[in-house]
Amino acid sequence: MVKALDTPPSKNLLGAAVTAPMSHKERDDNYNSVIVQLAPRWRIIICKDSIQFILQKRSSKHSNKGMWMGKSYPTTRDALVSICSSLKFLSDPRTTAVLKALPDHARNYIME
């Protein structure tokens, strides 16, 4: 399974590289349970209770602005794949492989 994406380092006022701690808030950029980034404004996460996958879209076109908002809440891998297919997200073989490797149901997803 794919681990949550690491957040890029940012600069503090002294110029030293720092990274944001992982978050437990589903709307945050650095949410700790991102399964796959589909496009700059689209991603799939597992909910904090591991009962559903969530297809999210960023509310702003600009990176680091806006917040991630849920657009679909499937509980099965097949439903998630169907939704991603209808939105044309399965053209990337890596994305398809990540989705096919998911368990049948979100409740069986093991967070690392």
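The values are calculated or read from the model by the stated rules, or taken from the named source; none is laboratory data. None of these values were measured; they are calculated from a predicted model. As a convention, Cβ positions derive from the backbone with ideal geometry for all residues, glycine included, and neighbour counts pool all protein chains shown.
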Among M111, M69, the single one that is within 18 Å of R41 (Cβ to Cβ) and of a type outside the set (G, A, S) is M69
Which residue out of D49, D78 is farther than 16 Å from K25 by Cα and either basic (K, R) or over 14 Å from the mean Cα position of the chain (by Cα) (or both)?
-> D78
Restricting attention to the range 76-86, the residues that are surrounded by fewer than 15 Cβ atoms within 10 Å (Cβ to Cβ) and either of a type outside the set (S, T, Y) or closer than 16 Å to C47 by Cα (or both) number exactly 1
Given the conditions (1) in contact with a Gly (Cβ under 7 Å, 6 or more places away or on another chain); (2) β-branched (V, I, T); (3) within 19 Å of A20 (Cβ to Cβ), which single one is not true for I54?
-> (3)
Return yes when A97 is over 18 Å from R41 (Cβ atoms), surrounded by 13 or more Cβ atoms within 10 Å (Cβ to Cβ) and among the small types (G, A, S) and no when it is not.
-> no
Pairs, please: C-beta under 8 Å, at least 6 apart or cross-chain, first residue surrounded by 14 or more Cβ atoms within 10 Å (Cβ to Cβ) and in the range 9-35, second basic (K, R) and modelled with pLDDT of 90 or more?
-> E26/K48; S33/K48; V34/R43; I35/R43
